[in-house]
Amino acid sequence: MISRGTLLRIVLTTAAVIAAAVPAFAGPSDDDCLACHGDSGLKTDQGRPLYVDSAALGASIHGEAGIGCVDCHADLKAFEDFPHAPKLKPVDCASCHEEASAAVRESIHGRPHDGDKPIIVQCKDCHGAHDIRPAKNMLSHTAAMNIPDTCLACHLERVQTKRGQGFAALYKESDHYRALALAGLSLSATCVSCHGGHSVHPVDDPQSRVSRLNIIRTCGTCHAGIEKDYLEGVHGKDYAKDILDVPVCTDCHSEHDIRSPENLGSGVYATKVAAVCSRCHDDERLARQYGLQTSRLKTFSASYHGTASKFGEVKVANCSSCHGHHGIRPSSDPLSSIHPANLATTCGACHPGAGENFSKGKIHVVSEKTENRWAYTVKIIYIVVIAGLISVFLAFIAADLYRRMRTRWRH
Ligand code: HEC
Ligand code: HEC
Ligand code: HEC
Ligand code: HEC
Ligand code: HEC
Ligand code: HEC
Ligand code: HEC
Ligand code: HEC
Ligand code: HEC
Ligand code: HEC
Ligand code: HEC
């Protein structure tokens, strides 16, 4: 006979053994999900494939970190009774990446925009879903080499911005892209070096890395020596005082299709520099405001250098051959390439043996009468002599004609 006490003990012990053997329900495992989603033929009724490549997921950063299906597809976390509902909540990356999500929410990509079908950019548009890797991994969608295609998936055609379709794609014609794609230089500039990855703002927003306020710093992160030269020059000194009428890198080099100055397509190719500088230096408003001399293009064009340059000659001097390009200084500055004491060296770079006298001739001859008395006097003598010669010649012809006619009338 078993006593009631013993029976109770047996029942309790059995229950404990069973409880220990069957653990509390911990949510579905990856294998539970892959029982269906590991089938490469699984599709929705509309034919959208639902196959999940568990090897790819395993090689992703999340696979490596031991994140399971339901850590992301969180509404199936406590689910037991398959099949599950056909529609699931979108994955909320913010539940683990709050900082990144906040930055994207405040960017232009996180806000709805005008238009019939506003596109809100999601994490998966840039990172993918099951194959997410850190940016330093070459296979990542956010690796430097792959960034242009990741961004251009939308910015090639899908999205309209002010400068029009194809503006962003001009990047692919730049030396930055050539260096990245052909030379494999992952340190070259990509969309993200200039615009940011999460904190992308409209280009004229003061927060944007490419706004006029910030562009020098942005290019200067890589071109540090040029940033320094620029800030020491006449343009850069004003820029540092927040005067934004002076040129910034992109005014001279353009934004996306930046090329070496030796490339015919560059905005600063030798024969194009004059047009770049003159946009401002022949501008009456700027001239009045900053007390600048105008007619720079006209006077340059009238010079030997300017004429030859117009015919495509690249060896003659352009504005920057004499003035420099990044650290341009006014002629009054003893360090300026056009300070009277330095002109012989400046001209001598191309005119070997150019002495002080050679370099003294005015380059920008606005009015010869006041600016270059000697040339003016010679010109006046020229005009007088030529006018005199023509008058004498005409008088001679007239006299000759008169003589011939008189002879004919006589006969
Ligand atoms: C019994 C088979 C089965 C199992 C097990 C299963 N699924 Fe599914 N799953 C489906 C089917 C079928 C669909 C397509 C439903 C439809 O659109 O008709 C689907 C759709 C989905 C979708 C797309 C939902 C949407 O909104 O488009 C996700 C995400 C998903 N499953 C995740 C999971 C996860 C995570 C697990 C494991 C917790 C899991 N599934 C387990 C059969 C299954
Ligand atoms: C790092 C988070 C993450 C993990 C881990 C993850 N997924 Fe997903 N999954 C996503 C995202 C993001 C999407 C895109 C749809 C969305 O935003 O909800 C997605 C989409 C899906 C879809 C729908 C495919 C489609 O084209 O609509 C299925 C099915 C799915 N996941 C199943 C799984 C299964 C099964 C696992 C585990 C083996 C898993 N997921 C693990 C983030 C994840
Ligand atoms: C417009 C493209 C884009 C979108 C949208 C985007 N990311 Fe990123 N993300 C990047 C790039 C590019 C990097 C690489 C780091 C860098 O160079 O800035 C990155 C890096 C990261 C990193 C690692 C570095 C860090 O900041 O911790 C995390 C985590 C991350 N993103 C999460 C997210 C999440 C979560 C979302 C959605 C809320 C998201 N990203 C949306 C482009 C994007
Ligand atoms: C359950 C939490 C969780 C969710 C949800 C989640 N992640 Fe992660 N994520 C992690 C962990 C953990 C790591 C690995 C951290 C590490 O090793 O630095 C990681 C790493 C990353 C990285 C690489 C970070 C780096 O150092 O470069 C990116 C990018 C990323 N996640 C993006 C996403 C995106 C996009 C989503 C949504 C589709 C997402 N994550 C959803 C937990 C999560
Ligand atoms: C070397 C720096 C640099 C790189 C690299 C770069 N951008 Fe830009 N981007 C700029 C600057 C500067 C502007 C501002 C133009 C302006 O002020 O109108 C700009 C403007 C834009 C605009 C706004 C155009 C508009 O219509 O107003 C978009 C969109 C854009 N870039 C996308 C991209 C994409 C996508 C890539 C990569 C394929 C890229 N950018 C690469 C510097 C860069
Ligand atoms: C899923 C599509 C999508 C992807 C991917 C994407 N963008 Fe955008 N981007 C947009 C949309 C939509 C806008 C807002 C356009 C508007 O309304 O002006 C925008 C706006 C911008 C702007 C501001 C343009 C302006 O008007 O000043 C810049 C800069 C930009 N994106 C750069 C990037 C960069 C860099 C990447 C890659 C890291 C990227 N985008 C990836 C869709 C995308
Ligand atoms: C992330 C770093 C980085 C940033 C940011 C960057 N550049 Fe560059 N840039 C490079 C590298 C690297 C090269 C060298 C490419 C080559 O010729 O191999 C280069 C080349 C150039 C060249 C061609 C030089 C030559 O002689 O071939 C010009 C011009 C230039 N960059 C201007 C700019 C301007 C203007 C900006 C800002 C709008 C900028 N860069 C932003 C890294 C950068
Ligand atoms: C006023 C116009 C102007 C501005 C502003 C300007 N550049 Fe230049 N840049 C030039 C010219 C002209 C050349 C070509 C000089 C030559 O033929 O060697 C040049 C050449 C370059 C080169 C090629 C290497 C070299 O020095 O010859 C790089 C790189 C460059 N610039 C980057 C920048 C960056 C970065 C900024 C902004 C910090 C900038 N530039 C601002 C006009 C400008
Ligand atoms: C975006 C307009 C802009 C462009 C482009 C520009 N400049 Fe200037 N430049 C200015 C302004 C504004 C000043 C006046 C700065 C001051 O003196 O406060 C100035 C000053 C100067 C000065 C000093 C003038 C003086 O009388 O002190 C010289 C020299 C000069 N620039 C040469 C050039 C050359 C050469 C180029 C082309 C390579 C060029 N600039 C392109 C706007 C421009
Ligand atoms: C062959 C050399 C040379 C070329 C080419 C040249 N300049 Fe000059 N520039 C000078 C010299 C020398 C001065 C100072 C004496 C003078 O005013 O003639 C000067 C003066 C100036 C000044 C007044 C600056 C000051 O501090 O006095 C500006 C502005 C200027 N040039 C702009 C330009 C522009 C813009 C171009 C191209 C369209 C250009 N220059 C082409 C040599 C040159
Ligand atoms: C970038 C090179 C370069 C610089 C700098 C330069 N020149 Fe020239 N210049 C030329 C070339 C090339 C010719 C064509 C004739 C030749 O080969 O001598 C020329 C022709 C001339 C001519 C007319 C033809 C002649 O030989 O008499 C004069 C005058 C002249 N330069 C004066 C100057 C003065 C003054 C300076 C300095 C303020 C200067 N140049 C700086 C390249 C330059």
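Listing for the model above:
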quantity: Prolate/oblate/rounded call for region 247-335, Cα gyration tensor, a/c under 1.5 rounded; calculated: oblate
quantity: Length gained when the stretch D149-S301 is fully extended (0.36 nm per residue, less Cα-Cα span); calculated: 50.4 nm
quantity: In Hz, Karplus ³J(HN,Hα) per residue of region 377-385 (6.51, -1.76, 1.60; θ = phi - 60°; x = Gly, Pro); calculated: 4, 4, 4, 4, 4, 3, 4, 4, 5
quantity: Whole-Hz couplings from phi, Karplus 6.51/-1.76/1.60, listed for region 40-53; x for Gly and Pro; calculated: 5, x, 5, 9, 6, 4, 7, x, 6, x, 10, 5, 10, 7
quantity: Whole-number Å³ per residue for the convex hull built on Cα positions in the chain; calculated: 313 Å³
quantity: Theoretical gain in end-to-end length, I380 to A94 [0.36 nm per residue, Cα-Cα removed]; calculated: 94.8 nm
quantity: Percent accessible area from carbon and sulfur atoms, the chain, protein chains only, probe 1.4 Å; calculated: 61 percent
quantity: All aspartates and glutamates inside 19 Å of K360 as judged from Cα atoms, apart from same-chain residues fewer than 8 positions distant; calculated: D333, E368, E371
quantity: Calculated SAXS-style log₁₀ I(q)/I(0) at q = 0.22 Å⁻¹ - region 46-113, Debye, Cα scatterers; calculated: -1.14
quantity: Qualifying aspartates and glutamates (Cα of each under 20 Å from Cα of K315; at least 8 residues distant if same chain); calculated: E262
quantity: Cα gyration tensor category, rounded, prolate or oblate, for region 158-264 with a/c compared to 1.5; calculated: oblate
quantity: Per residue, in Å², the accessible surface of the chain once ligands and nucleic acids are set aside, probe 1.4 Å; calculated: 69 Å²
quantity: Cα convex hull of region 228-281 - mean projected area over all directions, nm²; calculated: 4.1 nm²
quantity: Proximal lysines to K77, defined as alpha-carbon separation beneath 18 angstrom and excluding residues fewer than eight positions away on the same chain; calculated: K87, K89
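The values are calculated or read from the model by the stated rules, or taken from the named source; none is laboratory data. A quick note: this is a predicted structure, and the numbers were derived from the prediction, not measured. Side chains included, ligands, DNA and RNA excluded: accessible areas come from the protein's heavy atoms. Shrake-Rupley method; radii C 1.70, N 1.55, O 1.52, S 1.80 Å.
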